[in-house]
1. Beta carbons within 10 angstrom, averaged per residue: use that to sort the peptides 160-173, 241-254, 83-96, highest first.
2. Most mobile of 373, 151, 71 per a Gaussian network model of the chain (Cα springs, under 10 Å)?
3. Determine the distance separating the Cα centre of region 71-113 from the Cα centre of region 331-385; give it in Å without decimals.
4. Charges at C-beta only: +1 for Lys and Arg, -1 for Asp and Glu. How large is the resulting dipole of the chain about its Cα centre, in Debye rounded to 20?
5. Can you give the Rg to Rh ratio of region 1-120, both from alpha-carbon atoms, with Rh computed by the Kirkwood formula?
6. Suppose only helical runs count, i.e. DSSP H with n ≥ 4. What mean residue ellipticity at 222 nm does that imply for the chain under -39500 (n - 2.57) per run, divided by all residues and rounded to the nearest 500 deg cm²/dmol?
7. Any lysines with Cα under 26 Å of the residue 134 Cα? List them, leaving off those in the same chain fewer than 8 positions away.
8. Mind checking the angle between helix 156-165 and the chain's longest principal axis? C-alpha axes, 0 to 90 degrees, to the nearest 10.
Amino acid sequence: MTREPRSPGRHFLQIPGPTPVPERVLAAMSRQMLDHRGLEFQQLGRRVLSGIKSLFKTQNHVIIYPSSGTGAWEAALTNTLSPGDKVLMCETGQFAVLWAVMAARLGLEPEVIPTDWRIGADANLIEKALKADKDHKIKAVCVVHNETSTGCLTRLDEVRKAIDAVQHPALLMTDSISGLVCADLRHDEWGIDVTVSGSQKGMMLPPGLSFTAVSAKALEASKKAGLRTSYFSWSDMLANNSNGFFPYTPATGLLYGLAEAIDMIHEEGLENVFVRHERLAEATRRAVKAWGFDTQCRDAKYYSPAVTTVIMPDGHNADAYRKIVLDNFNMSLGTGLNRLAGKAFRIGHLGDTNELTVLGALTGVEMGFELAGVPYKKGGVQAAMSYIAETAEQAKAVAA
């Protein structure tokens with residue numbers, strides 16, 4: 001049997017999720033299984049159900065499903081809404097598109113605010129749409145916090161203010177699958193009713209868990225919702241979670257890892273984690289600018305701290321370039337999705353990552369331009385290095 005030649009060193013996984021899993025988390029997940037109806041599991045269940053709340057900055061319930069984030073999307077809609085309900089959504093990128101497609105499949109009526117995929121959700125346009133909804137037919141506003149396909153962040157506090165400005169009763173729902181633990185998120189303070197997230201990005205875990213933070217208003221809406229639920233029923237989950245258990249077989253190994261990941265985040269300090277992500281994102285953007293390229297996000301107000309989407313020069317295919325980088329430097333870059341297919345690539349700088357990891361990734365990107373014959377200006381890595389060196393002492397002071 002012919003084997004592929006071995007690539008020495010570690011693989012650089014620079015996609016915006018799944019992200020590399022820390023050794024501590026891997027070790028935690030290697031523990032033996034236990035009785036998921038017993039006392040030891042109950043202690044684990046209570047530990048993670050309590051600990052996860054701090055990352056959403058909420059005192060309310062956070063429901064943990066053994067599913068991808070897509071499952072949490074479905075749970076958010078089916079537990080709170082009824083057939084024919086109108087939902088206001090903003091097309092900020094591929095994942096916003098997919099959420100709207102799901103809403104339509106479930107029998108809801110999405111009203112979609114378009115964008116050029118180069119900004120986050122525009123709170124002014126949301127306010128305008130809600131103001132025009134005199135009969136309050138819109139039952140929910142659904143926005144993506146951090147659009148993984150474009151590298152654009154939505155300002156959720158501004159969306160909350162827009163809803164309040166017109167005194168509209170719609171629920172506010174957000175997908176923070178690639179935003180949680182990367183960008184500041186204040187579920188309670190910002191009046192978010194449903195926040196969904198996943199395990200495989202800023203949480204530093206493998207795929208397989210989703211998280212749903214719910215407000216008292218959302219729970220009240222769930223009592224009147226007409227869409228059917230079974231596996232994703234909030235009421236079943238919350239009834240069992242009250243004692244640290246789950247209504248069906250939980251993903252025990254992932255919950256071990258979740259407990260360890262929460263500990264690691266608090267050891268660094270959640271606010272320090274945000275600062276680290278912002279700093280590495282800025283270093284990446286400075287490299288892109290020095291190379292002479294544009295980022296997909298065109299407005300600094302909406303820059304993502306988790307991922308940077310880079311637009312390729314005309315005449316150069318992003319996927320062909322990504323293959324050259326993978327074949328030569330054992331590094332995976334994110335592909336362009338939907339309308340960005342072949343036109344852009346994505347650099348993930350989220351999760352368990354640091355300065356040297358990002359600089360190594362940017363070096364691979366720059367060398368890839370050279371091998372692929374992509375026209376660029378030299379000095380992108382140097383620009384990132386200079387920024388990281390200049391801000392090193394400041395970063396240490398913030399962490400202290």
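The values are calculated or read from the model by the stated rules, or taken from the named source; none is laboratory data. Computed from a prediction, not measured in an experiment: that's the story for all the values here. So basically every Cβ, Gly included, is an ideal-geometry build from the backbone, and we count neighbours across all protein chains shown. These accessible areas exclude ligands, DNA and RNA; they are computed on the full protein's heavy atoms, side chains included. Shrake-Rupley method; radii C 1.70, N 1.55, O 1.52, S 1.80 Å.
1. Working: 160-173: 18.1, 241-254: 16.3, 83-96: 21.6.
Final packing ranking: 83-96, 160-173, 241-254.
2. 373
3. Taking the Cα centre of region 331-385 as reference, the centre of region 71-113 is 33 Å away.
4. Details: 42 positive and 43 negative charges, 78 e Å.
My answer is approximately 380 debye.
5. Working: Rg = 20.4 Å, Rh = 18.9 Å.
So for region 1-120, dividing Rg by the Kirkwood Rh gives 1.08.
6. On the way: 14 runs with 170 residues, N = 400.
Estimated from H runs of four or more residues: -13000 deg cm²/dmol.
7. Those lysines meeting the cut-off are 86, 161, 217, 223, 224.
8. 40 degrees
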